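Notes to accompany the following structure.
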Amino acid sequence: MSATVRVLLADIGGTNARFALADTSLPVPLLVETVRGFSVADFPSLAEAAKHYLKSIDVEASGTLVRHGVFAVAGRVDGDEARITNHPWVISLARTRAALGFDDIRLVNDFAAQAMAIPLLGRDDVVNVGNVPWTPDPQAGSRNYAILGPGTGLGVGGLILRDGKRYPLESEGGHVSFAPGTPGEIEVLQRLSSQFGRVSVERLICGPGLVNVHRAISEISGVDPGILLPPDVTARAAAGDETSTRAIDMFCAVFGAVAGDLVLTLGAWDGVFLTGGMVPKLLAALQHSGFRQRFEHKGRFSATMSRIPTLAIMFPHPGLLGASAIALEHYAKAELPARSA
């Protein structure tokens with residue numbers, strides 16, 4: 001009996017490594033039942049984490065042949081090498097391929113993969129932030145989308161659709177300079193500048209960034225908040241703590257401003273997708289905060305911005321979904337289908 005051919009997928013962040021298999025003979029190649037997640041801190045390299053995953057699902061015993069991979073990583077891919085921005089791993093394409101005994105590996109930025117997931121998303125995979133409707137249109141001839149999301153860091157990317165072809169844009173837009181929009185944000189910038197020197201938007205809009213915002217607001221009030229983790233801030237806000245609530249409100253407002261700036265930068269007039277580990281957890285806050293107001297507040301372009309949808313991705317594995325789309329393009333040479341709308 002011949003082996004079943006699969007492609008190994010990986011979505012590697014600064015905290016978690018997620019793996020799955022893809023079947024490129026299927027219209028939606030991601031095999032959700034094969035998804036597994038691990039802590040990157042538990043492994044010395046991507047290759048070792050991948051070996052552990054393949055052993056955990058026992059691919060050899062199942063008659064599965066895996067000789068190709070698509071690995072999406074949270075860092076800039078530079079030729080044969082990628083460095084995880086918020087973790088010590090340095091990934092060599094050649095060494096990883098040799099360690100796994102693979103014929104071929106595609107190494108891509110994680111937000112290139114996130115962007116490639118957009119055409120595979122249906123209505124049930126997203127929740128609107130604001131009141132501008134969105135209808136999936138996988139056959140669209142010309143579309144420009146932006147995608148960004150806070151997790152361990154702030155990922156930023158885009159997707160250009162032209163004549164049935166998809167072009168993901170790799171970006172390190174999370175590291176652009178933070179521009180405050182209110183007196184309170186100016187005070188927070190001053191505090192963060194004294195700590196970091198240059199302040200990028202990632203210093204505010206990610207998990208550690210939420211803690212940075214909370215600490216700055218606390219110190220401005222003359223309070224030492226102690227050592228906190230992002231879940232501590234959200235838990236305190238849920239319990240009614242005023243400082244934590246203010247921190248989340250500022251986080252959402254700045255997130256909206258950054259998302260709007262990205263639209264203007266990329267010309268992403270057809271929609272913005274919000275992803276990352278924090279978005280589902282902060283969905284209610286995003287929907288009832290200043291996110292949308294700051295998104296639209298772009299001077300002479302405010303009327304245009306008011307017509308652009310902002311959508312929170314609720315599909316649990318968008319990075320792997322996008323990696324499966326890349327696998328479909330490279331290893332099946334097939335047109336990308338759409339998930340059911």
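Here are some notes:
- With a cut-off of 10 Å between beta carbons, the residues surrounding Asn109 carry a summed charge of -2, where Lys and Arg count +1 and Asp and Glu -1.
- Positive-end extreme of charge dipole, the chain - chosen from Leu262, Val70, Ile84 (charges on Cβ): Leu262
- Looking at the stretch 157-312 alone, DSSP beta bridges between its own residues are antiparallel in about 70 percent of cases.
- 3J(HN,Hα) along the stretch 7-20: 10, 7, 10, 9, 10, 10, x, x, 10, 10, 10, 10, 10, 6 Hz, from the Karplus curve 6.51 cos²θ - 1.76 cosθ + 1.60 with θ = phi - 60°, whole Hz, x for Gly and Pro.
- Cα-centred dipole magnitude for the stretch 1-73, charges only on beta-carbon of K, R (+1) and D, E (-1), debye, nearest 20: 80 debye
- Separation of the stretch 170-211 and the stretch 16-39, taken as the distance between their Cα centroids, equals 34 angstrom.
- Here the sum of -39500 (n - 2.57) over DSSP H runs of 4 or more residues, divided by the residues of the chain, equals -10500 deg cm²/dmol at 222 nm, to the nearest 500.
- Computed E for Ser193/Glu242 - FRET, C-beta separation, R0 35 angstrom, nearest 0.05: 0.90
- Summing +1 for each Lys or Arg and -1 for each Asp or Glu among the other residues whose beta-carbon sits under 15 angstrom from that of Gly184 gives -1.
- Gain on full stretching of the segment that runs from Ile227 to Asp78 - 0.36 nm per residue minus C-alpha separation: 50.1 nm
- Antiparallel DSSP beta bridges within the stretch 1-129, as percent of all bridges there, nearest 5: 55 percent
- Highest-first arrangement of 231-241, 65-75, 281-291, where packing means the average Cβ count within 10 Å: 65-75, 281-291, 231-241
- Kirkwood Rh and Cα Rg combined as Rg over Rh, evaluated for the stretch 177-266: 0.96
- Potential extension, Leu283-Asp163 segment - 0.36 nm per residue separation minus Cα distance: 39.8 nm
- Listed residue (Pro133, Gly209, Leu328) projecting farthest to the positive dipole end of the chain, Cβ model: Pro133
- Under 5 Å between amide hydrogens, built in the peptide plane, is the criterion, and for Met314 it picks out Val126, Val127 among residues at least 5 positions away or on other chains.
- Counted charge near Val40, where neighbours are those whose Cβ lies closer than 12 Å (Asp, Glu -1; Lys, Arg +1): -2
- Of the DSSP H helices in the chain, those with a Cα length along their own long axis of 30 Å or more and a mean Kyte-Doolittle hydropathy reaching 0.0 comprise 242-266.
- DSSP beta bridge pairing in the chain, given as percent antiparallel to the nearest 5: 65 percent
- Here the calculated FRET efficiency for Val132 and Asn16, from their Cβ-Cβ distance with R0 = 25 Å, stands at 0.20, rounded to the nearest 0.05.
- Taking Cα centre as origin and charging only the Cβ of basic (Lys, Arg, +1) and acidic (Asp, Glu, -1) residues, the dipole magnitude of the chain rounds to 380 debye.
- Computed from the alpha carbon positions, the gyration tensor of the chain leads to an equivalent ellipsoid with semi-axes of 35, 24, 17 Å, biggest first.
- Long-range amide H partners of Gly290 with built H, under 5 Å: Ala253
- Here the stretch 171-313 is assigned +1 on the Cβ of each Lys and Arg and -1 on the Cβ of each Asp and Glu. Its dipole about the Cα centre then comes out at about 280 debye.
- Ranking Leu283, Pro168, Ser56 by Cα position along the charge dipole of the chain, where only Lys, Arg, Asp and Glu carry charges on their C-beta atoms, puts Pro168 farthest toward the positive end.
- For the chain, with all protein chains in place and a probe radius of 1.4 Å, 51% of the accessible heavy-atom surface sits on carbon or sulfur.
- Per residue, the accessible area of the stretch 171-313 comes to 45 Å² when a 1.4 Å probe rolls over the protein heavy atoms.
The values are calculated or read from the model by the stated rules, or taken from the named source; none is laboratory data. This is a predicted model, so every value here is computed, not measured. Ideal geometry is used to build each Cβ from the backbone, glycine not excepted, and the neighbour counts take in all protein chains shown. In case anyone asks, the SASA skips ligands and DNA or RNA and just uses the protein heavy atoms, side chains included. Shrake-Rupley method; radii C 1.70, N 1.55, O 1.52, S 1.80 Å.
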